[in-house]
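In what follows, a single structure is set out as structure tokens and then discussed.
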Amino acid sequence: MSMIRRLNTTSAQFDQELRDLLAYEATQDDSIEQACKTILHAVQHRGDEALLEFTQRFDHVPAQSIADLVISADELQQALNTLPAEQRSALEKAAERVRSYHEKQRASDWSYTEADGTVLGQKITPLDRVGLYVPGGKAAYPSSVLMNAMPAKVAGVKELVMVTPTPKGERNQLVLAAAALAGVDKVYTIGGAQAVAALAYGTQTIQPVDKIVGPGNAYVAEAKRRVFGVVGIDMIAGPSEILIIADGSTPAEWVAMDLFSQAEHDELAQSILLCPDAAYLDAVEAAIANLITTMPREAIIRQSLQDRGALILVRDLDEACNVANHIAAEHLEISTQEPERWAQKIRHAGAIFMGPYSSESLGDYCAGPNHVLPTSRTARFSSPLGVYDFQKRSSLINVSQAGAQTLGPIAATLAKGEGLFAHAASAEYRLKP
């Protein structure tokens, strides 16, 4: 049995085969839904007491007060100061690149004045408080701290509150060091749905936030879904994805390893290669077979490639771009000659990596652009996380007396057409007799 399926766009069944390949529906586990509902309700109504109970039960942390769940700024700085030199240097370089990229996303206020003196414009303001969820324990991701915290800080968020579970008191020093570098203001060692509830509703000790960002397990995702509307959220992310368009000019081993880079996340991750050269697809398939036994996460990679991976033979690179636009992948690598030419044809992708040296892994850690990206085809209408996610826009309207004479009759006519006569009268009151 082949480790990864082979598809061909000339097949009469290709459209259905592609739909089957891309099909992913996050199963709603009734037990998870019920547990989250119970936890959210308890924290909303009992606050600190419930939060402590759940932290003791799920994380086995014997905290007696919320003060026991706070990591001080001194401890964050100490984590940074005691990192091995190589790790600290890498973290600092990555942080600087992420900050520099996101500084270019800052938006500015703008306005214009019409001939009659009416002024219209837009005012940009940052969110006041943002909550950042960071997985804890052994499954800890300092890169996620940087990618979520840096754009928030660049946007001007006044207070950034991080929550991270510490199972049995285990604190990940790289995560704490990343929080120190990113300028996180407060850190609580809480996790799960109870942490999301505390951030959304607030407790006697923890103030509610305006938006919650950051990855988490199924309970965290379900809790975020349920509190959306009370607070903003970044997204409900699906499994990680990589789509590669190749022309055969990149070493097959490089492409195989790039497919592995997403497949190793979990069994539901998706790795797809599009290429017009059948012999090259053979070479990549052979490289996959040769390299997979060297991977520490071999079993996960095998399952991911067997269940959701594919090597797809396309007619040409134009067709590859059309298929890529339909897939709308989280990560798209264009590993071809003249990659910029083909990138011009791409309309839907979370991030586009151009050229053989632009491996997706560089984007995950240190290239600069954000690695929080739309998944499950949502790149058709969504964008990477950025500074704009931590800012909001207010419209500015300053109508002059002369402007009211022009706009009033228009508004009144439309309001009467909608049967809203108070609206019409409000506009007409400003008209000169």
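Miscellaneous remarks
- When the test is whether a residue is outside the structural domain of residue 69 (by TED's automatic domain parsing) and not in a helix (DSSP H, G or I), residue 206 does not pass it.
- Within segment 348-389, the set of residues being without any contact (Cβ under 8 Å) to a residue 60 or more places away in the chain and not assigned by TED's automatic domain parsing to the domain that holds residue 259 comprises 373, 379, 380, 381, 383, 384.
- In the set (1) in contact (Cβ under 8 Å) with a residue 40 or more places away in the chain; (2) assigned by TED's automatic domain parsing to the domain that holds residue 134; (3) surrounded by fewer than 18 Cβ atoms within 10 Å (Cβ to Cβ), residue 191 fails one condition alone, (3).
- Any hit, segment 390-402, residues being under 24 Å from residue 156 (Cβ atoms), surrounded by 16 or more Cβ atoms within 10 Å (Cβ to Cβ), at pLDDT 95 or above and outside the structural domain of residue 322 (by TED's automatic domain parsing): yes
- Among the residues listed as 415, 424, the single one being farther than 30 Å from residue 308 by Cβ, in contact with a His (Cβ under 7 Å, 6 or more places away or on another chain), outside the structural domain of residue 19 (by TED's automatic domain parsing) and free of Cβ contacts under 8 Å to residues at least 24 places away in the same chain: 415
- Segment 34-61, residues that are touching a helix residue (DSSP H, G or I) at 6+ places or on another chain (Cβ under 6 Å) and not aromatic (Phe, Trp, Tyr): 36, 39, 40, 42, 43, 44, 48, 50, 51, 59, 60, 61
- Long-range neighbours under 7 Å by Cβ, at least six apart or interchain, first residue among the small types (Gly, Ala, Ser) within segment 36-58, second not in a helix (DSSP H, G or I): 47/203; 47/204
- Any hit, segment 71-81, residues being of a type outside the set (Gly, Ala, Ser) and in a loop (DSSP other than H, G, I, E, B): no
- Odd one out for residue 215, checked against (1) surrounded by fewer than 21 Cβ atoms within 10 Å (Cβ to Cβ); (2) assigned to a helix (DSSP H, G or I): (2)
- Selection from segment 240-297 of residues that are under 19 Å from residue 354 (Cβ atoms) and under 21 Å from the mean Cα position of the chain (by Cα): 241, 242, 243, 244, 258, 259, 261, 262, 271, 272
- Residue list for segment 144-181, filter: assigned to a helix (DSSP H, G or I) and touching a strand residue (DSSP E or B) at 6+ places or on another chain (Cβ under 8 Å): 145, 148, 149, 152, 153, 155, 176, 179
- Failed item, numbered, when residue 197 is tested on (1) in a helix (DSSP H, G or I); (2) in the same structural domain as residue 326 (by TED's automatic domain parsing): (2)
The values are calculated or read from the model by the stated rules, or taken from the named source; none is laboratory data. Just so you know, these numbers come straight off a predicted model, no measurement behind them. Counting neighbours? That spans all protein chains shown, and the Cβs are built from the backbone with ideal geometry, glycine included.
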